[in-house]
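Asks: Take a look at the following structure, please.
The values are calculated or read from the model by the stated rules, or taken from the named source; none is laboratory data. The structure presented is a predicted model; accordingly, all values stated were derived computationally and were not measured. Glycine also receives a Cβ, built like all others from the backbone with ideal geometry; neighbour counts cover every protein chain displayed. Remember, those area values only see protein heavy atoms, side chains included, never the ligands or the DNA or RNA. Shrake-Rupley method; radii C 1.70, N 1.55, O 1.52, S 1.80 Å.
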Amino acid sequence: MWLIWPTLPGRTGQPLCALRLGLRFSIEHVEQILHILQIPAQFSFCGHICSGVEALSISLHRMASHVRFVDLSCVYDLLPSFISQIFAGFMLWLFTNFGDLVRSFENTWTTEREWLELFSNKLEESGCPLPNTFGFIDGTHIEVCRPVRDQRSWYCGHHHAHCFKCLVIQLPNGILLSFGPFNGSQHDSSQAEAIQINELLASHCTFPDRSFVLYADAGFAVGRNLITPFRRTQNQTDQEAAWNTEMSRARISVEWGIGRCKNLFQMMTNKNNLKSLMSPVAVYWFNSILFTNIHSCLNGRSQVSDFFDMSTPTLEEYIMA
């Protein structure tokens, strides 16, 4: 089904854009995004002038699928080079203005005690056996085209692919945080050490009478506020194995969050569209996380928030956090 938006001023007889429902957002939601993110009415990227709604719709269309710029040119009646400039420029504008919503640990969800207590209580109600847990952390890799130089730093021997890596924190209300990027050869534990996750948790999630913790898989190093499963050794008891099983049922939510982001914005799963030395591929990932959070807020739910019986914040609350 095709939805035609009003004609652009100054573009005679040509519609603003033809939007397919596969953009992940309805027309009403796109209008809310334009208003709440305060996207300018007009952009100029390297001499190419376009409207804000045009830049947003082209970017969403590109990110939500495996289409090439030449494919988009048939939909938007613009030259592929023009569409490329719009997409790259808008992605950088979005990351510059809203990147901290994704990449900063200093926000409402991770610093205010009442939110940490609410998350912890909801996790305990869902059957999580580790008290004071407020979220889950895991690493993910995003495959890219094989670069022509510095291939070793991009290559991951575990996945047998050229990629970059990021850390992702999943909160029970459906909100995702992400940190990075890191080399494809870097391990999850060293990524956590690079962002000083233990120091962040100690300074923001520790109070005189109570400390809140993140739960991670066995690939991370255990710390005061970062808890990992009991090691699977010959001496592991049945109680420890049962505890690990119960925790894994809750920890799987971070995998749901990562999978949802890659499923909604499938450009991140198409390495042919991610040329690491020609475009800011990590910016595309962080913007995908941002749009995933926006999608959860506008729809009022996600798989994770439903699982933990929480409501997602409104888009206004998320932007102000």
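Asks: Over the Cα atoms of the stretch 170-321, compute the convex hull volume and normalise it per residue, giving Å³.
Replies: On the way: hull volume 24.0 nm³, N = 152.
Spread over its residues, the Cα hull of the stretch 170-321 gives 158 Å³ apiece.
Asks: Okay, moving on. Nothing charged except the Cβ atoms of Lys and Arg (+1) and of Asp and Glu (-1): what's the magnitude of the dipole of the stretch 138-287 about its Cα centre? Round to the nearest 20 debye.
Replies: On the way: 14 positive and 12 negative charges, 111 e Å.
That gives the stretch 138-287 a dipole magnitude of about 540 debye.
Asks: If you wrap the stretch 173-233's Cα atoms in a convex hull and average its projection over all directions, what's the area in nm²?
Replies: Computed as one quarter of the Cα hull surface, the answer is 5.7 nm².
Asks: Turning to a different aspect of this structure: Which three numbers, in whole Å and largest first, are the semi-axes of the equivalent ellipsoid of the chain derived from its Cα gyration tensor as √(5λ)?
Replies: Largest first, the chain gives 38, 23, 16 Å.
Asks: Further, regarding this structure: Using a 1.4 Å probe, what is the accessible area per residue for the chain, in Å²?
Replies: Dividing the accessible area of the chain by its residue count gives 46 Å².
Asks: Could you give the dipole magnitude of the chain about its Cα centre, charging the beta-carbon of Lys and Arg +1 and that of Asp and Glu -1, in debye to the nearest 20?
Replies: 1200
Asks: Also, I was wondering about something else. Roughly how much of residue 24 is accessible, in Å² to the nearest 10, using a 1.4 Å probe?
Replies: Around 70 Å² of this residue is reachable by solvent.
Asks: Determine the gain in length on full extension of the stretch residue 314-residue 230; use 0.36 nm per residue of separation and subtract their C-alpha separation, reporting nm with one decimal.
Replies: 26.5 nm
Asks: So what is the relative contact order for the stretch 191-278, in percent, with contacts set as C-alpha pairs under 8 Å and at least six apart?
Replies: Relative CO of the stretch 191-278 lands at 15 percent.
Asks: Using +1 at the Cβ of each Lys and Arg and -1 at the Cβ of each Asp and Glu in the stretch 108-236, identify which of 151, 216, 227 lies farthest towards the dipole's positive end.
Replies: 151
Asks: In what sequence, highest mean first, do 157-163, 91-97 appear when ranked by Cβ atoms within 10 angstrom?
Replies: Working: 157-163: 14.3, 91-97: 16.1.
Ranking the peptides 157-163, 91-97 by packing returns 91-97, 157-163.
Asks: Still on this model: Can you figure out the FRET efficiency of residue 237 with residue 126, using R₀ = 30 Å and their beta-carbon distance, to the nearest 0.05?
Replies: 0.80
Asks: For the chain, what's the relative contact order in percent, using C-alpha pairs closer than 8 Å and at least 6 residues apart?
Replies: With pairs under 8 Å counted, the relative contact order is 19 percent.
Asks: Can you give the FRET efficiency to the nearest 0.05 for residue 113 and residue 272, using r as the Cβ-Cβ distance and R₀ = 35 Å?
Replies: Result of the calculation: an efficiency of 0.15.
Asks: With a cut-off of 18 Å, note down the residues of the stretch 178-204 whose backbone N falls inside the zone around a label point 7 Å from the Cα of residue 106 toward its beta carbon.
Replies: 178-180, 195-204, by backbone N distance to the label point.
Asks: In degrees between 0 and 90, to the nearest 10, how far off the longest principal axis of the chain does helix 281-299 point, with axes built from Cα atoms?
Replies: That works out to roughly 80 degrees.
Asks: Report, to the nearest 10°, how far helix 113-125 tilts away from the longest principal axis of the Cα atoms in the chain, using its own Cα long axis and a range of 0 to 90°.
Replies: Taking Cα atoms only, the helix is inclined about 70 degrees.
Asks: Please check: in the Gaussian network model of the chain (C-alpha springs, under 10 Å), which one of 260, 210, 103 has the largest mean-square fluctuation.
Replies: 210
Asks: Summarise the accessible area of the stretch 131-224 (1.4 Å probe, protein heavy atoms) by the percent that is carbon and sulfur. Walk me through the numbers before you get to the answer.
Replies: Details: 1970 of 4020 Å².
Ligands and nucleic acids excluded, carbon and sulfur reach 49 percent.
Asks: How far is helix 238-264 tilted off the main Cα axis of the chain, in degrees rounded to 10, range 0 to 90?
Replies: Relative to the chain, helix 238-264 is tipped by roughly 10 degrees.
Asks: Give the distance, in whole Å, between the Cα centre of the stretch 92-142 and the Cα centre of the stretch 51-77.
Replies: The two parts, judged by their Cα centres, are 31 Å apart.
Asks: So for the stretch 31-173, averaging the separation of alpha carbon pairs under 8 Å that are six or more residues apart and normalising by length, what relative contact order in percent results?
Replies: 14
Asks: Would you mind calculating the gained length between residue 301 and residue 199 on full extension (0.36 nm times residue separation, minus the Cα-Cα distance), in nm to one decimal?
Replies: Gain on stretching residue 301 to residue 199: 33.6 nm.
Asks: Where the only charges are on Cβ atoms (+1 Lys, Arg; -1 Asp, Glu), what is the dipole of the stretch 15-155 about its Cα centre, to the nearest 20 debye?
Replies: Value, rounded to 20: 680 debye.
Asks: If you don't mind, another one. Residue 49 versus residue 263, label points 7 Å from Cα toward the beta carbon: distance in nm?
Replies: Placing both labels 7 Å beyond Cα along the Cβ direction yields 4.3 nm.
Asks: Another question, if that's okay. Which length gain, in nm to one decimal place, applies between residue 221 and residue 74 when the Cα-Cα distance is subtracted from 0.36 nm times their residue separation? Write out the running numbers ahead of the final one.
Replies: Working: separation 147, 0.36 × 147 = 52.92 nm, distance 5.02 nm.
47.9 nm is the gain from fully extending residue 221 to residue 74.
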